Amino acid sequence: MVQIGDAKGEYRGIAYRNDPELKAWLARRPAEAALEPDLPIIDPHHHFWDTPQRGRYLLPELLADICGHNIIATVFLECRSMYRKDGPAEMAPVGEVEFVNGIAAMSASGGYGPCRVAEAIIGHADLTLGARVREVLEAEIRVEWGCGAVAVGRACLLPPLSSGGALVARP
């Protein structure tokens with residue numbers, strides 16, 4: 001008897017990824033053509049990582065996934081990848097923004113195709129830090145990844161506080 005989930009395999013969550021198993025599963029799936037290959041699309045949610053637990057998902061893997069579609073830009077959402085090893089714990093998430101900014105710069109060079117990968121970055125900052133979260137948010141902005149706003153959890157910083165911007169928290 002076929003059980004729910006047999007067609008897709010067992011879902012193990014985002015923390016588990018076995019690249020050989022995933023590639024074998026994907027190879028068994030029939031190829032699907034894009035329904036509207038000329039339709040411009042902004043991919044609003046993806047991640048990058050390179051860890052033993054999750055495997056590797058970087059620019060080449062993303063570009064392979066979007067091939068055949070007219071993805072003009074993407075939005076990176078934080079996934080606790082490439083945090084800073086050294087320094088204060090609250091500043092660790094700045095490392096992820098730095099890491100993704102590097103990938104965004106590679107994409108912006110035009111050498112990887114027309115898609116502007118990580119045109120926006122949604123980083124992480126611990127809002128329970130209270131007023132101390134300002135330092136984390138401003139450090140993420142100083143990375144200068146080119147977006148006009150930093151979104152963090154349910155807060156949005158427009159533009160850097162040092163130039164008169166505001167931290168707006170949504171309930």
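A short reminder: the numbers here are calculations on the coordinates, not readings from a lab. Source: prediction; values computed, not measured. Glycine also receives a Cβ, built like all others from the backbone with ideal geometry; neighbour counts cover every protein chain displayed.
Odds and ends about this structure:
- Distance between modelled label sites at ARG28 and ASP65, nm, 7 Å Cα→Cβ extension: 2.1
- Under the combined filter of DSSP loop state and at most 13 neighbouring Cβ atoms within 10 Å, segment 28-92 retains these trypsin sites (Lys or Arg not before Pro): LYS85.
- Restriction of the GluC sites (Glu not before Pro) in segment 33-119 to DSSP coil positions whose beta-carbon has at most 14 other beta-carbons within 10 angstrom yields no sites.
- Pairwise centroid distance, computed over Cα atoms, of segment 58-75 with segment 79-121, Å: 16
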